[in-house]
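Single-structure report; data block below.
The values are calculated or read from the model by the stated rules, or taken from the named source; none is laboratory data. From a predicted model like this one, the values you see are computed outputs, not experimental measurements. Note that we place each Cβ from the backbone using ideal geometry, even for glycine, and neighbour counts take in every protein chain shown.
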Amino acid sequence: MALFQVAGQVGGQSLGRDFVMRLGENGFTPDLLFFKGQGHNRLFSYYLDGAAELVIEIVRPGHEYCDRILKRNFYEAAGVPEYWMLNSRNQQTEFLRLVEGRYQPQVPDSDGRYRPASVPGLAFATDTIWNEENLYQNWFDRSIFIVEAPISGHQRVRGGGGHEWGSLPFKPRLDLAPVPIRFEEYISWCPEAKFEFFEGKPQIGYKIGSQHLIGLLLMTFGLASAVQVLPLKAWIAALRHRLDLEQQDTQRKADWWKIARQAAELLREQFGLTRIGVIGDLVRPQPLNYWSEITLVSWDQDISEHWKIYEALLRLSRDPEINLLRAEKDYLRAEEKADMTQNLVEI
């Protein structure tokens with residue numbers, strides 16, 4: 001928070017974890033990064049294309065190899081000019097600076113401040129971060145970072161364009177052996193690292209994020225490795241269950257269509273919606289699957305108290321779950337946009 005507060009004064013912008021830094025075909029999510037966007041890199045909505053001027057990682061127990069070796073090597077090869085590692089165990093900060101293409105350890109100046117060469121005018125008070133008195137202070141306190149030479153007239157960069165969540169249809173390329181993931185697929189499919197627990201099931205980035213993450217993992221490990229995760233009996237039981245569901249697909253879809261029409265009637269009578277359609281697995285020729293749900297679309301411009309609609313649909317049906325999209329307001333993924341133009345059924 002302290003770096004975010006002062007970043008603009010030294011001509012840049014600060015972003016935290018879950019924001020991606022693209023280095024070639026690889027994507028990294030540093031705990032903290034600072035960038036200027038002046039030819040060295042370019043900001044898009046979901047990622048920074050190119051090396052940031054400053055990258056900070058928090059070294060966690062069991063994660064040392066990734067930060068000290070793996071990421072260090074990638075950051076060095078990609079030309080990240082300043083790489084810092086903060087270790088709360090020993091309350092130390094390691095400063096690495098790129099010198100002639102290789103990282104060289106650095107130490108603070110005689111006044112106890114460290115000044116990154118890639119961010120002129122910025123100083124880091126090395127001991128302040130470990131001062132326990134600061135634990136309960138406002139983290140917008142600027143004493144952690146000191147602006148010694150502010151830049152006038154700087155404005156925060158607004159990112160836009162590029163690939164983003166849902167910009168590509170979800171079509172994981174599965175094979176017995178691992179399949180490399182393209183950067184565009186990673187950005188389009190990989191959810192943010194938000195772990196939650198719903199209805200007795202763990203979810204990462206909600207239900208759709210969990211589905212995408214499993215697809216990416218299957219590509220990463222390959223099916224030959226993935227089948228070793230569970231015993232043979234579990235796979236056979238799962239396959240039999242899938243075959244049973246496919247044999248019941250005609251009746252299941254008929255039951256789901258009945259629920260969808262009941263939901264549409266509810267939305268019209270209780271919430272005044274006028275135009276409602278159905279997209280998703282229910283209108284596709286393929287059988288319903290584990291991830292399937294009823295997806296409704298509305299074109300009404302003003303849907304107030306959306307949370308009440310969610311609760312009403314949840315009371316109507318939990319299995320299958322009913323999801324309502326607002327065609328004019330909600331962000332739509334590539335599959336949803338394609339369904340609206342090719343497979344939409346109005347009810």
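Of note:
- Among the residues of segment 18-41, those that are over 24 Å from I146 (Cβ atoms) and in contact with a strand residue (DSSP E or B) (Cβ under 8 Å, 6 or more places away or on another chain) comprise F19, V20, M21, R22, G27, F28, T29, N41.
- So E57, is it in contact (Cβ under 8 Å) with a residue 60 or more places away in the chain, buried (at least 22 other Cβ atoms within 10 Å of the Cβ) and among the acidic types (D, E): no
- Selection of first residues in segment 305-325 that are in contact (Cβ under 8 Å) with a residue 12 or more places away in the chain and more than 14 Å from I294 (Cα to Cα) and of second residues that are in a loop (DSSP other than H, G, I, E, B) and not polar (S, T, N, Q), restricted to Cβ pairs under 9 Å at least 6 apart or on distinct chains, gives the following pairs, ordered by first then second residue: I309/L273; I309/I303.
- When every residue of segment 293-309 is checked against the conditions, at least one turns out to be in contact with a Gly (Cβ under 6 Å, 6 or more places away or on another chain), among the hydrophobic types (A, V, I, L, M, F, W, C) and either buried (at least 19 other Cβ atoms within 10 Å of the Cβ) or at pLDDT 95 or above (or both).
Results for (1) without any contact (Cβ under 8 Å) to a residue 60 or more places away in the chain; (2) assigned to a helix (DSSP H, G or I), shown as yes or no for each residue.
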residue	(1), (2)
E185	yes, yes
S188	no, yes
P202	yes, no
G215	yes, yes
T220	yes, yes
A238	yes, yes
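- Taking segment 283-307 as the range and being assigned to a helix (DSSP H, G or I) and more than 27 Å from the chain's Cα centre (by Cα) as the test, only V283 passes.
- Options G272, G277; residue that is outside the structural domain of S210 (by TED's automatic domain parsing), under 28 Å from W165 (Cβ atoms), over 26 Å from the mean Cα position of the chain (by Cα) and not hydrophobic (A, V, I, L, M, F, W, C): G277
- Residues of segment 71-98 satisfying the condition of being surrounded by fewer than 12 Cβ atoms within 10 Å (Cβ to Cβ) and at pLDDT 95 or above: N73
- The set of residues in segment 293-347 that are small (G, A, S) and either in the same structural domain as H212 (by TED's automatic domain parsing) or farther than 24 Å from L168 by Cα (or both) comprises S304, A312, S317.
- Residue in segment 58-66 that is at pLDDT below 95 and within 21 Å of F183 (Cα to Cα) present: yes
- Subset of segment 250-271 [over 18 Å from R315 (Cβ atoms) and free of Cβ contacts under 8 Å to residues at least 12 places away in the same chain]: T250, Q251, A254
This table checks each residue for (1) at pLDDT 90 or above; (2) closer than 19 Å to E336 by Cα; (3) assigned by TED's automatic domain parsing to the domain that holds R42.
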| site | (1), (2), (3) |
| --- | --- |
| G159 | no, no, no |
| L168 | yes, yes, no |
| K171 | yes, yes, no |
| L176 | yes, no, no |
| V179 | yes, no, no |
| R182 | yes, no, no |
| E185 | yes, yes, no |
| C190 | yes, yes, no |
| F197 | no, no, no |
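- Selection from segment 162-178 of residues that are loosely packed, with under 12 Cβ neighbours inside 10 Å and of a type in the set (A, V, I, L, M, F, W, C): L176, A177
- For the criterion of being out of contact with any strand residue (DSSP E or B) (no Cβ under 9 Å at 6 or more places or on another chain), farther than 27 Å from R333 by Cα and not assigned by TED's automatic domain parsing to the domain that holds R22, A254 fails.
- Selection status of S225, more than 23 Å from K337 (Cβ to Cβ) and surrounded by fewer than 11 Cβ atoms within 10 Å (Cβ to Cβ): no
- Contact map, segment 102-119: residues that are over 20 Å from Y75 (Cα atoms) paired with residues that are charged (D, E, K, R) and part of a loop (DSSP other than H, G, I, E, B), Cβ distance under 8 Å, separation 6+ or inter-chain. Pairs shown: D109/R115; G112/D127.
- Selection status of A260, surrounded by 11 or more Cβ atoms within 10 Å (Cβ to Cβ), modelled with pLDDT of 95 or more and outside the structural domain of D339 (by TED's automatic domain parsing): no
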